[in-house]
Structure formats: structure tokens, C-alpha cells
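Undergrad: Below is one structure. I have some questions about it.
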Amino acid sequence: MTDAAPGFRHVRDQAIHEGHVIRLVTSHHTAPDGSAFTREVVRHPGAVSVVPLHDDGTVTLVRQYRAAVDAEMLELPAGKRDVTGEDPARTAERELEEEVGLRAARLELLVEFVNSVGFSDERSLVYLGVGLDEVAQDRQGIEEQHMTIERVHLDDVPAMIATGELVDAKTVLGLTMARQWVGEHGLPG
């Protein structure tokens, strides 16, 4: 992913709010013509998610309450990259175990993307997890304590996207990429 644009320069950030997960800053920049401008930017440590693909073509998803949209969302197991220096694949392994009690024999990066480039620097990585074994869950936080686990067949994903049952960006993108992966490699196992 390209990180800089020719002629544009980031000068500094001025903190507006320091939260538990995010920082809101006024980001100061100069343009190619030398003019100065500012933007409000959310600084985020990044996130990972996993498409846990079972040998029968189903995937494990979670349905959990999301305060930002005041609704339950059906989505991939995921989590913040909140452990300094931790490899993103290790974060993905940890989140998969904590949230849905699965361990993948193999993780493969499907896609990396920036969630909302207009106001946030959050980068997300979506992994495919295959060779799944059950392990103990260790749910963190009130939302995870109340979430449910669901299995969905990859064949049902396009219709679920079309009807709006799946609207979470990482989930739509991850499941779409997993369908492509299966089309190229076949089902695991």
C-alpha cells in the first residue's frame, strides 16, 4: 500500500482526544503548492479478522452488539492490534481462539485494506483460517460476553450481502475473498 503522495507532507498531529482505543487529532499538512491545511483524523492501532473456513464450506461468524451503530452485526471474528509489537497473524490467532474457540492449523492473508480513508488511518488485515480445531474460548468485554456464534455456508454469502444481512465491510470483503480463494484452491481438507 502506498503511504505517501508526491508533494504532500504531514507536518504534525495535535491531540484533541486520547481514548482507550483511538486518538482524535488535528492533522496538519502542506500541499504541493505550499499551502497549509488541517484534517480531523482518527488514529487507530489497526485490526485483524479471520475467515474460519470449515471443510464443509461453512464459515464461523459472530453476531454481536456494536455500540457505534446501536445494532447487532453479523461479522467475522476480529480484534484490535492492541498488543505492541505483536505480529498481526498472532493477533488473528489469539482473537480467533478468544472469540469463537477455534485454532487454525494455517492462516493465509487474504487482503489488507484501509477502513475509512476519509477520516481514519485504521488498516485491517483479513486472514483465511483453515484446518480448524476447537479450543477454549476467552471472551473479552461485555459485547463479546453476549455475542452468539453462527455458521454460514459460503454459497449463501452473495444473497446475504444483497439483502443487507451482511453489511460489515471487513466481513463482506473477507467472505468475498474467501469465496474467490475456494474457487481457485477448492475446499480445505
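Undergrad: Since A89 meets every condition but one in (1) surrounded by 12 or more Cβ atoms within 10 Å (Cβ to Cβ); (2) in contact with a Pro (Cβ under 6 Å, 6 or more places away or on another chain); (3) not in a strand (DSSP E or B), which condition does it not meet?
TA: (2)
Undergrad: Only residues that are under 24 Å from H44 (Cα atoms), of a type outside the set (A, V, I, L, M, F, W, C) and out of contact with any helix residue (DSSP H, G or I) (no Cβ under 9 Å at 6 or more places or on another chain): list them for the range 113-138, please.
TA: Correct list: G118, S120, D121, E122, R123.
Undergrad: Checking the structure you have, find out if any residue of the range 92-109 is part of a helix (DSSP H, G or I) and either touching a residue at least 60 places away in the same chain (Cβ under 8 Å) or exposed (fewer than 15 other Cβ atoms within 10 Å of the Cβ) (or both).
TA: Looking through the range 92-109, none of the residues is part of a helix (DSSP H, G or I) and either touching a residue at least 60 places away in the same chain (Cβ under 8 Å) or exposed (fewer than 15 other Cβ atoms within 10 Å of the Cβ) (or both).
Undergrad: Ok, one more. Looking at A169, A136, can you tell me which residue is at pLDDT 95 or above and of a type in the set (G, A, S)?
TA: When all the criteria are applied, what remains is A169.
Undergrad: Further, regarding this structure: Need a quick list: strands (runs of 3 or more DSSP E) entirely within the range 1-56 having at least 2 residues that are touching a Phe, Trp or Tyr at 6+ places or on another chain (Cβ under 8 Å).
TA: The strands (runs of 3 or more DSSP E) meeting that bar are 23-30, 36-43, 47-52.
Undergrad: If you don't mind, there's one more thing I want to ask. Answer yes or no as to whether T60 is in the same structural domain as M147 (by TED's automatic domain parsing), in contact (Cβ under 8 Å) with a residue 24 or more places away in the chain and of a type in the set (S, T, N, Q).
TA: Spelling it out, T60 is indeed in the same structural domain as M147 (by TED's automatic domain parsing), in contact (Cβ under 8 Å) with a residue 24 or more places away in the chain and of a type in the set (S, T, N, Q).
Undergrad: Within the range 21-55, track down each residue that is touching an Asp or Glu at 6+ places or on another chain (Cβ under 9 Å), without any contact (Cβ under 8 Å) to a residue 40 or more places away in the chain and loosely packed, with under 14 Cβ neighbours inside 10 Å.
TA: T26
Undergrad: Taking R139 as meeting all but one of (1) part of a loop (DSSP other than H, G, I, E, B); (2) under 30 Å from A15 (Cα atoms), write down the number of the exception.
TA: (2)
Undergrad: Out of all the residues in the range 110-138, which are surrounded by fewer than 19 Cβ atoms within 10 Å (Cβ to Cβ) and closer than 11 Å to L53 by Cβ?
TA: Matches in the range 110-138: G131 only.
The values are calculated or read from the model by the stated rules, or taken from the named source; none is laboratory data. None of these values were measured; they are calculated from a predicted model. Heads up, the Cβs are rebuilt from the backbone with ideal geometry, glycines too, and the neighbour counts pull from every protein chain shown.
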